[in-house]
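For reference, the structure is listed below as structure tokens.
Bear in mind these aren't lab numbers, they're just calculated from the coordinates by the rules spelled out. Nothing here was measured: the structure is a model prediction, and the numbers come from that model. Positions of Cβ are generated from backbone atoms using ideal geometry, with glycine treated the same way; all protein chains shown enter the neighbour counts.
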Amino acid sequence: MMATEDGRNVNSLKEVWSREENALCADCGEPDPDWASYTLGVFLCLNCSGIHRNISDISKVKSLRMDHWDEGQVQFLMQHGNAVAKATYEAHVPMYYYRPVHTDCQVLREQWVRAKYERKEFTEPGKHPPYSNGLKEGILWKRGRDNGQYLPRRFLLSEREGCLKYFVKQDAKEPKVVVKIDTINATFQPEKTGNPNGLQITYLKENKTRNIFLYHQDGKEIVDWFNAIRAVQFHYLKVAFPVASDQELKSRLTRNFLKEGYMEKTGPRQKESFKKRWFTLDHRRLMYFKDPMDAFAKGEVFIGSDGHGYGVRQGLPTGTQGTFTWPYGITIITPDREYLFTCETEREQQEWIAAFRHVIEQPMTPQEYAIEAYFKLKP
């Protein structure tokens with residue numbers, strides 16, 4: 001129920017609210033926003049309205065359903081709206097900058113809102129924010145591989161050298177690890193790490209996946225690192241693939257995992273008892289770990305395309321001999337063997353099957369054929 005001055009205000013508010021441009025939250029794209037900022041003229045979802053409350057000197061929000069709107073505020077919304085705001089506050093967002101969606105974590109969404117309206121990072125061409133110049137150095141807290149303690153480590157990201165390094169001591173001359181920029185994936189993991197600013201860096205070392213977990217107590221700093229990695233990757237890809245479109249290159253930057261969670265698995269003979277493992281599906285790599293925070297995967301399965309002998313079936317083969325606890329089975333078919341998994345709930349089973357089908361239905365790229373060949377050569 002809208003509380004407004006009179007019927008005209010109600011109708012005007014309904015009219016501007018129903019415009020197609022205002023059908024999604026201006027900041028995260030969630031459908032049917034029912035809040036608005038009467039100082040910025042944007043329509044917002046509940047979560048983003050909460051972020052706007054934290055920048056109250058810039059943005060003042062009200063509920064479109066429950067709050068009183070006076071004529072001046074309604075007129076301001078009529079003259080603005082999401083399209084006008086995007087043309088102003090998102091005029092020069094770099095191609096590599098990650099624009100969060102409503103399913104993303106709080107720190108990404110909050111820093112996006114602050115970057116747009118508070119810091120005005122995208123209003124003018126030629127601005128040079130700290131993630132844009134191809135070089136970033138600073139202290140991040142890194143989780144120890146064996147003891148699980150987070151300790152400060154010096155990190156250096158260099159576009160010129162095409163890598164990310166970290167040093168155990170701040171004055172160390174030699175890095176502990178050098179990671180090639182084209183092997184890195186970075187994804188925010190607040191739930192897994194138990195830290196709202198937790199970032200998981202995944203990279204390949206001798207074609208094996210390695211995880212490191214990082215955080216910084218300052219939300220802006222960790223998001224700047226995330227976008228700095230994307231910027232360096234983007235510029236690397238521009239050189240490596242000069243004829244590819246910017247949109248194509250953008251799709252190869254850091255990505256969220258397609259699905260993560262526990263399943264049970266059995267071994268190649270399919271007679272062993274099923275063991276509970278943490279699984280991560282990173283496009284065509286299905287990795288499994290004893291613990292979600294392990295540095296190295298216990299094993300990996302390559303998931304190819306349906307045109308090359310890969311498939312997924314609901315349920316387990318008749319007569320499966322291994323003992324399992326969870327009742328909802330999945331069979332992954334590859335040219336070499338079948339992999340058997342079980343899920344605790346039917347919902348988890350269906351979500352995993354949908355994720356596998358999403359991968360299997362996509363044709364493989366030349367790079368993916370090379371990865372498949374490596375998997376086949378593995379002992």
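Numerical summary
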item	result
Nearby lysines by direct alpha-carbon distance to LYS14 (threshold 19 angstrom, same-chain neighbours under 8 apart not counted)	LYS62
Loop-located trypsin sites (Lys or Arg not before Pro) in the stretch 145-185 whose Cβ has at most 14 other Cβ within 10 Å (DSSP)	ARG145, ARG160, LYS169, LYS173, LYS176
Debye log10 I(q)/I(0) for the stretch 3-118, one point scatterer per Cα, at q = 0.19, 0.20 Å⁻¹	-0.95, -1.05
Ranked by how many other beta carbons lie within 10 Å on average, peptides 118-127, 105-114 from highest	105-114, 118-127
The chain: angle of helix 366-377 to the longest principal axis, Cα-based, in degrees nearest 10	30 degrees
Loop GluC sites (Glu not before Pro), the stretch 129-209, which have at most 15 other Cβ atoms in a 10 Å radius of their Cβ (DSSP)	GLU161, GLU206
Mean ellipticity per residue at 222 nm, deg cm²/dmol - from DSSP H runs of n ≥ 4 across the chain, formula -39500 (n - 2.57)	-8000 deg cm²/dmol
Charge context of ARG65, other residues only, Cβ under 12 angstrom, K/R +1, D/E -1	-1
Mean-position separation - Cα centroids, the stretch 12-63 and the stretch 118-193, in angstrom	33 Å
Percentage, to the nearest whole number, of Cα pairs in the stretch 135-250 over 16 Å apart	61 percent
Cα-based equivalent ellipsoid, the chain: semi-axes from gyration tensor eigenvalues, Å	42, 28, 20
On Cα atoms only, tilt of 219-240 relative to the major axis of the chain in degrees	70 degrees
